[in-house]
Amino acid sequence: MKVKVLSRNPDDYVRETKYDIQRVPRNYDPALHPFEVSREYTRALNATKLERVFAKPFLASLDGHRDGVNCMAKHTTSLSTLLSGSCDGEVKVWNLTKRECVRTLQAHEGFVRGMVVRYCGASFFTVGDDKTIKQWKMEAPGYGEEEEPLNTILGKTVFTGLDHHQKEGVFATCGQQVDIWDEQRSSPIRSFTWGVDSFSAVRFNPVETELLASCASDRSIVLYDMRESAPLKKVIMTMRSNTLCWNPMEAYYFTCSNEDYNLYTYDMRYLKRPFTVHMDHVSAVLDLDYSPTGKEFVSASFDKTIRIFPKDGGHSREVYHTKRMQHVICIKWSSDSKYILSGSDEMNIRLWKANASEKLGVLAPREKQARNYNQKLKEKFQHHPQIRRIAHHRHLPKNIYHQRKELKIMKEARRRKERNVRKHSKPGSVPVMSEKEKHVVTVVK
C-alpha cells in the first residue's frame, strides 16, 4: 500500500535571519509563465538604455610632457607602471594607481622613436633620433646618484622601432633594415633586408617567440624567422602600413594599421587576402594594440578618435573621443584587460575604461548577479531592432560624422563606376573582386 505524505522542509521557505530576502518558491515550467519573454524583453531594453546612460569611459589625464607623446610601453610584471616617450627625447615613468609621474629622464636628443620593457621587468630599452639604443634601470637612481643608462649602443642609422624577445636577452630594431641584437654585444647578430629603404615598426610574436614581423615603406609587411638567414615572405598592399600587432592568443594572426583608414587582420599562413578588413576610421590609423584576451583590439587614428574592434568584426563596437584630444599617436591596452591608455599630439596620456559602462571597484554578489543577468538578456535580444539601435548608436564629432558620410558616397560612386565598366566590357574581362582582395597587390616568397 502506497502512502503519500506531504513533506515541508522549513529550510525551503523560512529566512535564516530577518535581514534576508523572503524565500519565494518558484516553478520554472514555461507553461506557467506565458508572459516571461515580453517581461525579459522589457528588462533587456532597460538594461541596454542604462548601459548607454552609464557609459562614461574617460577616467584620467596624465599631463607632464612638454611635447607630443610619441610612444608608450607597458611594464611586463607591474600593472600600475607605464612608460612614455615624447618628441623632445624625454621619457617618463608613471604610477597609474596614483596617476602621477614618478620619474623623468632625458633619454635622447630628438624624438624617442620606440621603447620596450625587458621581459623580466628589471630594465627597459629606448631608441631615438640620435642613432642610439639605450638600456635603463627600471628603479630610479638613489639619492645623489646621476641618471645614467646601463648600456648605450651607437648605430649607423636612425632607428624607428624596437621590440624585445619574450623569453631571451634578444631584441630587434628597425630603421633602414631589421637588426637582431644580443644584449651583451654592441653589433647586431643578424640583419635582414629585402630591397626596402626603411621600416616603420617591428614586432615579436608573443606565442611563437622566434617569429617577427615588420612594416616597410614600400607598402609591404615582411615576416621573419630568427632561425633563418633570410626573411620568410612579404605581402605588398595598395597603401603603406604604419604598425602591426600580433594576436597574443592565436599565434598565426596579426593585425596591421594602414594609411587607407582601415585595419587588416591576416593569417600568416595565407597572405593572399586578409582574414578581416576593419573599417570605421576616417583618417590614417597610426597604432593598435590587442587585448590580453586576444578577442578585441584598440586602434588609434589621425582622426582624433580611438576605436575598439572585435578581432573578427568589420566595424568597431566602441568609439572614444574628447574635445581636447588631437591626433592619437600611440595606444596600449592594459595587461588586466580593463583599461586603455592613449598618447596624443597635445602632450597628454589619457586613461579610458575598456568597457565604457563598467562599474569600477568591488561589486557586491547581488550586483555581480544583476550584471551577469543583464548581460545575458542583452545577448539574447541583441538582434531586436529597438535594442540594436540603442546599443549601436554612438555620438560622433560633427566633422567625423560628415567625413563618414562623404566616404560612404565616394565608395558607392566607385562601386557604381565599376559596375558600369563591367556592364559595357567583354564578359569576364573585368573580374569581380571582393573587398578583401582589393587591398593586396601581391605576396612575395
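The values are calculated or read from the model by the stated rules, or taken from the named source; none is laboratory data. If you're wondering where the values come from, they're calculated on a predicted model, not measured in any experiment. Cβ coordinates were reconstructed from backbone atoms using ideal geometry, including for glycine residues, and neighbour counts include every protein chain displayed. These area figures cover heavy atoms from the full protein model, side chains too; ligands, DNA and RNA do not enter into them. Shrake-Rupley method; radii C 1.70, N 1.55, O 1.52, S 1.80 Å.
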| field | Equivalent ellipsoid, the stretch 89-232 (semi-axes from 5 times Cα gyration tensor eigenvalues, Å) | value | 28, 16, 14
| query | Around ASP280, with a cut-off of 11 angstrom between Cβ atoms, what is the net charge of the other residues, counting Lys and Arg +1 and Asp and Glu -1? | reply | +2
| Tell me, what is the Rg over Rh of the stretch 250-301, with Rh the Kirkwood radius over Cα pairs? | 0.96
| task | Using only protein heavy atoms and a 1.4 Å probe, report how much of MET249 is accessible, in Å² to the nearest 10. | result | 120 Å²
| request: Please tell me the relative contact order of the chain in percent, rounded to the nearest whole number, where contacts are Cα pairs under 8 Å and at least six residues apart. | output: 13 percent
| note | Cα-Cα longer than 28 Å, checked against LYS167/LYS338; LYS311/LYS376; LYS74/LYS311; LYS49/LYS323; LYS18/LYS353, kept in input order, equals LYS18/LYS353
| message | Can you tell me how the stretch 109-170 classifies by the Cα gyration tensor, rounded, prolate or oblate, using a/c under 1.5 as the rounded cut? | response | oblate
| request: Can you tell me the equivalent ellipsoid semi-axes for the stretch 329-445? Use √(5λ) from the Cα gyration tensor, largest first, whole Å. | output: 42, 23, 17
| said: Can you give the log10 of the normalised intensity I(q)/I(0) at q = 0.12, 0.27, 0.30 Å⁻¹, computed with Debye over equal Cα scatterers of the stretch 389-445? | reply: -0.53, -1.11, -1.17
| message | Stokes-Einstein diffusion coefficient for the chain at 4 °C in a medium of 1.567 mPa s, Rh from the Kirkwood formula over Cα pairs: what value in µm²/s? | response | 52 µm²/s
| query | In nanometres, what is the gap between the two model label sites at ARG43 and LEU396, each 7 Å from Cα along Cα-to-Cβ? | reply | 3.5 nm
| task | Show me 224-235, 301-312 ranked by packing, highest mean number of other Cβ atoms within 10 Å first. | result | 301-312, 224-235
| Which semi-axes, in whole Å and largest first, does the equivalent ellipsoid of the stretch 189-232 have when worked out from the alpha carbon gyration tensor as the square roots of 5 times its eigenvalues? | 17, 12, 8
| note | Neighbours of LYS445 by Cβ distance under 15 Å: Lys/Arg at +1, Asp/Glu at -1, summed charge +2
| Order of 134-142, 14-22 by packing, highest average Cβ count within 10 Å first? | 134-142, 14-22
| note | Cα-Cα pairs in the stretch 1-74 separated by more than 15 Å, as a whole percent of all pairs, come to 81 percent
| said: At 222 nm, what value in deg cm²/dmol follows for the chain if DSSP H runs of at least 4 each add -39500 (n - 2.57) and the sum is divided by all its residues, to the nearest 500? | reply: -5500 deg cm²/dmol
| task | Can you tell me the relative contact order of the stretch 40-143? Whole percent, Cα pairs under 8 Å, sequence separation 6 or more. | result | 18 percent
| query | What net charge is computed for the residues neighbouring THR322, neighbours being all others with C-beta under 9 Å from the C-beta of THR322, Lys and Arg scored +1, Asp and Glu -1? | reply | +4
